[in-house]
Amino acid sequence: MGTGMTRESLVDRHLGFVQALREAGLPVSLAEGLDAAGALTLIDLADRNTLREAYAATLVKRPSYRPGFDVLFDLWFPPVVSGSYGTGAGERPDGGVDLEHAEVPELRDRLADLLAGDPDDPAFREFARAMVERFGRVQASAGRQSWFSFAVLRALSPETLTARLLDRMLAERGGLPEKIARQQISRNITRFQDEVATDVRRRIAEESGVEKIARSTVKPPIDRIDFLRVTKAELAQLRREVYPLARRLATRLTMRNKLGRRGRLDFRRTVRASLSTGGVPLTTRLRPRRPHKPELVVLCDASDSVSTFSHFTLLLTFALREQFTKVRAFAFVDTVDEITTMFAPGADVIDAITRMSQDADITRFGRTDYGNVFERFAERYADAVGPKTSLLILGDARSNYQAPALDTLKRLAGRARHAYWLNPEPRAQWDTGDSVATGYGSVVPMYECRNVAQLAEFIETLD
Amino acid sequence: MWFASPDEVRERLTAVDYLADDGITTSVFLAGALGKPLLTEGPAGVGKTQLAKAVAAATGARLIRLQCYEGLDEARALYEWNYKKQLLRIQADDDAWDDIFSEEFLLERPLLKAIRSDEPTVLLIDETDKADVEVEGLLLEILSDYQITIPELGTIAAARRPYVVLTSNATRELSEALKRRCLYLHLGYPTPERERDIVLAQVPGLPASIAEQLARTVATLRALELKKSPSIAETIDWARTLLALGRTELDDAVIGRTLGVVLKHNSDQARAAKELGLAARS
Ligand SMILES: Nc1ncnc2c1ncn2[C@@H]1O[C@H](COP(=O)(O)OP(=O)(O)OP(=O)(O)O)[C@@H](O)[C@H]1O
Ligand SMILES: [Mg+2]
């Protein structure tokens, strides 16, 4: 870190950092804390990147924990700030611009240069810091100032440099080159925003203590984000989590159908047995039973009360469609329609979801009515559910105080090989208001499934 | 001692054409220095398996590979008695009972082989997530004390600890216990700058400008929501294809025609063509 830390202060900082990681929800065990401490004795502490990666290798064992880890690392081990710009001979890192006094247009020119280059250039970060210094301090409340990113970004407005940068990078607009240039520019703008945010946090931490800011800035990792509260950007990230989960769910359900596994041959007993049959070795062939094709029926709530959840479950359904040979998918609001063909494998998932919301006949009056949905389903699609079928219901069990049709669901579930219900609501809210969670749960085992982590857990507990 | 520092890791891996970033060099260094297994996780084709091979090549160590799959059991992973041979021996000699559980009849599998190896060894446990959960228990045991007990032969302790690399595509979460035992390295898609360098290292003769364009194009493709994002392996394949076609420039037409090398799903190709404004191939 180059901060000339003493041994004691390093130990304190290490302990504080590990504690903060735990508070942010990273499960750091005692042994792992010791591994990290052991690693510190082996590396060059003046090299901040190595220090970061050493902590990451010993303490961060899921990619979804990494963003929160990086935020905390930057707070606990802030980079050394050189403070003055362009002192001494040689190339000035500020590109010849006086960052403390230059007018905004000149600063924007400089920012454009940086955005067109390599964001790993140290000048990139230096510039972000200098801009926070100049524009980031804002009156937070009467008599109290604090640091904010938005003030910096408003002053410099990096997005509005895009057109200028494109003109500079391309001879003519359009086509793939423009796409590629845009991708590069937007990556670098994001990078600039991140550098600004990091420096803002560093300054707040300097003024009011690391612990306080740490607690308020670390977001939960993506697999812990509530389905019912995801933002659009997070949804895109969530989509990436879907395919491995679907594949896993498919294997789990297939495995469950394979009765028994091949046991190890007990040699001594086989030989003894063979001796008693006159030494003729009987080759005991343990033929694996043929795994039969699993069938899956998915019923998913596509109503607005669970829109982000249903978007996710539709994605899951879609992904499952590619894994199972026999899957039938149904969506519902207050009536139910089959969407299997709209979700044909090979189709584009986003198109399919759009098409479904236009074409599927799932809404009469627009308010979820589970009872009616189960009745209609039993009437029209009862043949979909048989002794080889796993039935998966995805929804919040909120039925607008309509009759729940428990008996109908019970009959359907009784015909299936297995039935499961995944509910995106926190267990504490089950049965409140119009929720029929316990009622339905008594007929079909219901699992709380608020985030990707719980979905993964559900998949692993299938047995 | 496997490596003296992360910088040395970088140099020696580069010498065998594996380009590492700070995350890779630091964790590879620490795995050797702390004597802990290194778990690398990430999508397909980002160099997880290659990393283990590169560590072996860079250090002149022997590489022993345990390929995991569904149904892998102790008999395939650890050791097995050669019972055909045992039967023959007993049929030949009734008094051979005491001899048949000896070295001569033991079939070594990768884990036992790595533990008993007395030369420097890199043990690659590949695609750990494909194996059943029980196998993790077995690995956990072996990676805790680097010894194996064979009831008939006694306990065999590692002559020297192998350098262990586990890989996983994260199709399922490995157990917390196993993860706690390992150092962790997430390998994701590289920055365009590093990917350009990887391509240049792997495909000699490719013009640098094409490598640059390829890396940026692939980064753009990865930003789309595709079923299967292109991996480094596919970028390399793409580069080889272009080299074979004798291309010195990458224009929309060439990309459109060769997109199938990097995107394997039809729907992904269609999506990319649409989003990137490429003419439809027909
Ligand atoms: N950092 C790198 N330097 C050089 N080559 C690399 C690098 N990363 C990946 N490659 C190349 O990418 C190819 C794919 O790597 P590899 O087979 O190791 O992928 P993987 O992550 O093990 O994939 P899978 O999960 O499919 O097994 C290799 O042929 C390797 O040459
Ligand atoms: Mg591999």
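Observations
- The one condition in (1) under 31 Å from the mean Cα position of the chain (by Cα); (2) more than 21 Å from B:Ala158 (Cβ to Cβ) that B:Ser117 fails to fulfil: (2)
- Any hit, region B:130-149, residues being within 16 Å of ligand 2 (Cβ to nearest atom) and crowded, with 20+ Cβ neighbours inside 10 Å: yes
- Just one of the listed residues (B:Tyr83, B:Tyr69) is among the aromatic types (Phe, Trp, Tyr) and within 16 Å of ligand 1 (Cβ to nearest atom), and it is B:Tyr69.
- Test result for B:Arg65, within 16 Å of ligand 2 (Cβ to nearest atom), among the basic types (Lys, Arg) and within 31 Å of the chain's Cα centre (by Cα): yes
- Considering region B:199-209, and only residues there that are surrounded by fewer than 22 Cβ atoms within 10 Å (Cβ to Cβ) and in a helix (DSSP H, G or I), the residue that is farthest from ligand 2 (Cβ to nearest atom) turns out to be B:Ser209.
- The condition of being more than 25 Å from B:Trp2 (Cα to Cα) and without any contact (Cβ under 8 Å) to a residue 12 or more places away in the chain holds for only one of B:Glu225, B:Glu193, B:Glu176, that being B:Glu176.
- Condition met for A:Gly38 (surrounded by fewer than 18 Cβ atoms within 10 Å (Cβ to Cβ) and at pLDDT 95 or above): yes
- Failed item in (1) more than 14 Å from chain B (Cβ to nearest Cβ); (2) touching a Phe, Trp or Tyr at 6+ places or on another chain (Cβ under 9 Å), with A:Asn188 passing the rest: (1)
- For B:Asp118, the criteria (1) of a type outside the set (A, V, I, L, M, F, W, C); (2) within 16 Å of ligand 1 (Cβ to nearest atom); (3) open to solvent by 70 Å² or more (accessible area, probe 1.4 Å) hold in every case but one, which is (2).
- The selection criterion, being surrounded by 20 or more Cβ atoms within 10 Å (Cβ to Cβ), among the charged types (D, E, K, R), closer than 30 Å to A:Ile459 by Cα and within 14 Å of chain A (Cβ to nearest Cβ), holds for B:Arg172.
- Answer from B:Thr49, B:Thr26, B:Thr40 - the residue that is open to solvent by less than 10 Å² (accessible area, probe 1.4 Å) and either within 14 Å of ligand 2 (Cβ to nearest atom) or touching a Lys or Arg at 6+ places or on another chain (Cβ under 7 Å) (or both): B:Thr40
- Some residue of region A:289-306 being surrounded by fewer than 16 Cβ atoms within 10 Å (Cβ to Cβ), in a helix (DSSP H, G or I) and modelled with pLDDT under 80: yes
- Subset tally (residues that are in contact with a helix residue (DSSP H, G or I) (Cβ under 8 Å, 6 or more places away or on another chain), within 12 Å of chain B (Cβ to nearest Cβ) and not hydrophobic (A, V, I, L, M, F, W, C)) for region A:446-463: 2
- Apart from one condition, B:Ala54 fits all of (1) more than 16 Å from ligand 2 (Cβ to nearest atom); (2) touching a Phe, Trp or Tyr at 6+ places or on another chain (Cβ under 6 Å); the exception is (1).
The values are calculated or read from the model by the stated rules, or taken from the named source; none is laboratory data. Quantities reported herein were computed from a predicted structural model and do not represent experimental measurements. Using ideal geometry, Cβ is built from the backbone for each residue, glycine included, and neighbour counts are taken over all protein chains shown. Side chains are part of the model used for accessible areas, which takes the heavy atoms of the whole protein and leaves out ligands, DNA and RNA. Shrake-Rupley method; radii C 1.70, N 1.55, O 1.52, S 1.80 Å.
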